[in-house]
Amino acid sequence: MRAVVAFRSGGQDYAVAAERVHRVLGATGLVPLPDPRPGVAGLLRHGGDTVTVLSPFGAERGQVLMLDHGGTVVGLLVDEVTGIDRVEDPAVGPAPAGQRSPLVAGVLNRDREGEDGSHGMLLLLDLDVLIEGLHR
């Protein structure tokens, strides 16, 4: 059994491992960089530190998931957090074929359609792949 934080961004439903999410913040105070890499929304002050905030799915405002990446905190800008789900490991299907990078680590098919109209499918993100893209 694993817990995931589900969110919506760019009209699609995604999830990340709950143990990697430290907190969820509003995106107020986000400072854009003058010449960012694709997928970088800007910087956010958090707890006395400056955190790089990623936006690979086109979100421009909403909420920021504060993620742990080996002791470093990175933000992920999303349109909205939709909840926390507990899923059995067999419920997570394999990574889909056809990706340029292995960003989607698996597909989670929910047994139900979400109350918010979600389609019952979550794309489970590989946060290491997402964050390592910053350093290429």
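Any read-out appearing in this document is the output of simple, stated calculations on the displayed coordinates, not a laboratory observation. Since the model is a prediction, treat every value here as computed from it, not as a measurement. Neighbour counts run over all protein chains shown; Cβ positions are idealised from the backbone, glycine included.
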remark   = Checked against (1) closer than 25 Å to residue 107 by Cβ; (2) surrounded by fewer than 19 Cβ atoms within 10 Å (Cβ to Cβ); (3) in contact with a Lys or Arg (Cβ under 7 Å, 6 or more places away or on another chain), residue 29 satisfies every condition except (1)
remark   = Given (1) part of a loop (DSSP other than H, G, I, E, B); (2) over 17 Å from residue 129 (Cα atoms); (3) not basic (Lys, Arg), residue 13 misses just (1)
task = Please work out which one of (1) free of Cβ contacts under 8 Å to residues at least 40 places away in the same chain; (2) part of a strand (DSSP E or B) is the condition residue 33 fails and give its number.
result = (2)
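This table checks each residue for (1) without any contact (Cβ under 8 Å) to a residue 24 or more places away in the chain; (2) assigned to a strand (DSSP E or B); (3) of a type in the set (Val, Ile, Thr); (4) loosely packed, with under 12 Cβ neighbours inside 10 Å.
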{"residue": "45", "(1), (2), (3), (4)": "yes, yes, no, yes"}
{"residue": "65", "(1), (2), (3), (4)": "no, yes, no, no"}
{"residue": "77", "(1), (2), (3), (4)": "no, yes, no, no"}
{"residue": "84", "(1), (2), (3), (4)": "no, yes, yes, no"}
{"residue": "100", "(1), (2), (3), (4)": "yes, no, no, yes"}
